[in-house]
Amino acid sequence: KKIVSSCMTAKEGTADAVYLMDKTKEEKEFIFSQIKWILNSKKVRLCGANFKFDLLWYRVKHGVLCSNFEDDTLLMGSLLNENRSNSLKAHACEYTDMGGYESKLEARYDKSEMEKIPLSDPDFLTYVGGDTDVCREVNIKMRREFKQKTGLQHFYRKILHPAARVFEGIEFQGVVIDIKKFAEVRKLVQVESDEATDTLINMIPRKLQLKYADKENILTPNVLREFLFTKAGLNLKSKMDTPKSKVATVSYDHLIMFADNPDAKAFIDAYKTMNSANKTLSTFIDGFLAHLRSDGKFHPTYAMYNGD
């Protein structure tokens, strides 16, 4: 990750932003020495929107910690009304007259590639400065709401906000995992998947196996459909058809409807085993390991609020 810019608002309708992409290492060090002061001065009461994210990258890239962060508008907003969308964009519309400040930029650029937006584009500064100006105003109004709900305010101050700071630390430190154990479990699950797959294939009539012998994976939707719902196989009566082609769907939700059918039970049981093993492999083993960082740890992001 690269920190493209840093922006702060102290006075309504204003923002101070610094662009970092064109700065030298020495210039960045000087800038972040100032940011470090702002993030730790007792003269400053800091608020932010999902500021855990920003603080994490300040710490990762520049070793900057923060001691005066008091209010997170997304956490506060989720407590005040858990049934609404709690995003800075939504809060801008509900609490300020700046709703839509980000729309021009979002219509023309991908915000996941902020570094590609030219600094000369006026909408860039409107977006960056608007974020902090809106956040400041939203925070002031949410603090007023909290004063009317002392129990909620106490919960936030004593439990939720401190907990969010703890999770911030967990995200930075990362979660140590046992790679060797992952490999052992992967081998076991792969065996389970292979055995269930072989069982399924052996249940398919020889004629169908020969018909689709050129397929690398014979358990395709067309083969399953022909085996389960035609006279070439079990000839079951479909309970769910595809919306467009009006043929039997071979979705998992449909197939498990036949788990108690005496003709299909053995096949469906093996299919459930194979599906479960493959899901474990793709999501919880290979999928998890794809997120392993260079330090050999997972660094998860914890969503602490109800968002969009």
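The values are calculated or read from the model by the stated rules, or taken from the named source; none is laboratory data. What you see is a predicted model; the values in this text were computed from it and never measured. Glycine also receives a Cβ, built like all others from the backbone with ideal geometry; neighbour counts cover every protein chain displayed. Please note that ligands, DNA and RNA were not included when accessible areas were found on the heavy atoms of the full protein model with its side chains. Shrake-Rupley method; radii C 1.70, N 1.55, O 1.52, S 1.80 Å.
Laid out as a table, the results:
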| item | result |
| --- | --- |
| Values of log10 I(q)/I(0), in the order q = 0.25, 0.28, 0.31 Å⁻¹, for the range 205-244 under a Debye, Cα-only, solvent-free model | -0.85, -0.96, -1.07 |
| Around ASP71: net Lys/Arg minus Asp/Glu count, Cβ-Cβ under 11 Å | +2 |
| Positive dipole terminus of the range 39-78, leading residue within LEU46, LEU75, VAL64 (C-beta point charges) | VAL64 |
| Total charge dipole magnitude, the chain, about the Cα centre, Cβ charges on Lys, Arg, Asp, Glu only, Debye to nearest 20 | 500 debye |
| Solvent exposure ordering (accessible area, 1.4 Å, most first) of ILE201, ILE35 | ILE201, ILE35 |
| Carbon + sulfur, % of accessible area of the chain - ligands and nucleic acids excluded, 1.4 Å | 53 percent |
| Heavy atoms of VAL175 accessible to a 1.4 Å probe, total area in Å² rounded to 10 | 50 Å² |
| Normalised per residue, the volume of the convex hull around the Cα set of the range 154-200 (Å³) | 110 Å³ |
| Within the chain, percent of DSSP bridges classed antiparallel, to nearest 5 | 70 percent |
| Scattering curve values for the chain, log₁₀ I(q)/I(0), Debye with Cα scatterers, q = 0.07, 0.08, 0.12 Å⁻¹ | -0.49, -0.61, -0.91 |
| Lysines with Cα under 22 Å of LYS231, excluding same-chain neighbours fewer than 8 positions away | LYS207, LYS211, LYS215, LYS239, LYS246, LYS265 |
| In the range 176-237, the GluC sites (Glu not before Pro) that fall in loop regions by DSSP, at most 12 other Cβ within 10 Å | GLU216 |
| Dipole in debye (nearest 20) - the range 53-191, about Cα centre, beta carbon charges: Lys, Arg +1; Asp, Glu -1 | 640 debye |
| Estimated FRET transfer efficiency when R0 is 25 angstrom, pair ILE38-LYS2 (beta carbons, to 0.05) | 0.75 |
| Calculated diffusion of the range 164-308, Stokes-Einstein form, Kirkwood radius summed over Cα pairs, 25 °C and 0.890 mPa s, µm²/s | 134 µm²/s |
| Average accessible area per residue (Å²) across the chain - probe 1.4 Å, nucleic acids and ligands excluded | 60 Å² |
| Shape of the range 1-146, Cα gyration tensor, a/c cut at 1.5 | oblate |
| Sequence-separation-based contact order of the range 174-308, relative, with Cα cut under 8 Å and 6+ spacing, percent | 35 percent |
| Spherically averaged projected area in nm², based on the convex hull that wraps the Cα atoms of the range 86-219 | 17.1 nm² |
| Modelled FRET efficiency - R0 30 Å, GLN173 with LYS116, Cβ distances, 0.05 increments | 0.45 |
| Gaussian network model of the chain, Cα within-10 Å springs - most flexible of LYS279, LYS231, LYS43 | LYS231 |
| HN-Hα J in Hz across the range 242-257 - Karplus 6.51, -1.76, 1.60, θ = phi - 60°, x for Gly and Pro | 5, x, 8, 7, 6, 10, 4, 7, 10, 5, 4, 4, 6, 4, 6, 5 |
| Sequence-separation-based contact order of the range 27-83, relative, with Cα cut under 8 Å and 6+ spacing, percent | 40 percent |
| Alpha-carbon centroid distance for the pair the range 1-72 / the range 161-212, whole angstrom | 40 Å |
| Under 18 Å from LYS149, Cα to Cα: aspartates and glutamates that are on another chain or at least 8 residues apart | GLU70, ASP71, ASP72, GLU82 |
| At R0 = 35 Å, FRET efficiency that the Cβ-Cβ distance of ASP214 and ASP269 yields, to 0.05 | 0.80 |
